[in-house]
Amino acid sequence: MDFEKKLGRLEEIVQKMEKGDLALEESLKLFEEGVKLSRECHQRLNEAESKVKLLMSVGADGQPVTTDFTPEEN
């Protein structure tokens, strides 16, 4: 599942839980799924931030630092 779908699912979970009309077991199940999705999204954002920093880095001489870029496979 890609980042956008995970984030969308996480939003659905939050909306369902905010209503407060779920049974305890269903709430726990959704909470567990939400925590997992949140961690995965957070990890993906950290990876993206690292890539942006790498792409935007500048050396001491003021020149862009170039590094071979290898995209991750999902």
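The values are calculated or read from the model by the stated rules, or taken from the named source; none is laboratory data. Quick caveat: nothing in here was measured; it's all calculated off a predicted structure. All Cβ positions, even for glycine, are placed from backbone atoms using ideal geometry, and neighbour counts span all protein chains on display. Areas reflect the complete protein model, heavy atoms only, side chains present, ligands, DNA and RNA absent. Shrake-Rupley method; radii C 1.70, N 1.55, O 1.52, S 1.80 Å.
Summary table
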| item | result |
| --- | --- |
| Complete set of residues in region 5-26 that are part of a helix (DSSP H, G or I) and over 16 Å from CYS41 (Cβ atoms) | GLN15, LYS16, MET17, GLU18, LYS19, LEU24, GLU25, GLU26 |
| Residues of region 1-15 satisfying the condition of being among the aliphatic types (A, V, I, L, M) and either touching a strand residue (DSSP E or B) at 6+ places or on another chain (Cβ under 6 Å) or open to solvent by less than 50 Å² (accessible area, probe 1.4 Å) (or both) | LEU10, ILE13 |
| All positions within region 1-37 that are free of Cβ contacts under 8 Å to residues at least 12 places away in the same chain, within 26 Å of ALA48 (Cβ to Cβ) and more than 12 Å from the chain's Cα centre (by Cα) | GLU11, GLU12, GLN15, GLU32 |
| Within region 16-67, considering residues that are exposed (fewer than 12 other Cβ atoms within 10 Å of the Cβ) and polar (S, T, N, Q), the one modelled with the highest pLDDT | GLN43 |
| Whichever residue in region 43-67 is of a type in the set (Gly, Ala, Ser) and not in a loop (DSSP other than H, G, I, E, B) and, among such residues, is nearest to PHE3 (Cα to Cα) | ALA48 |
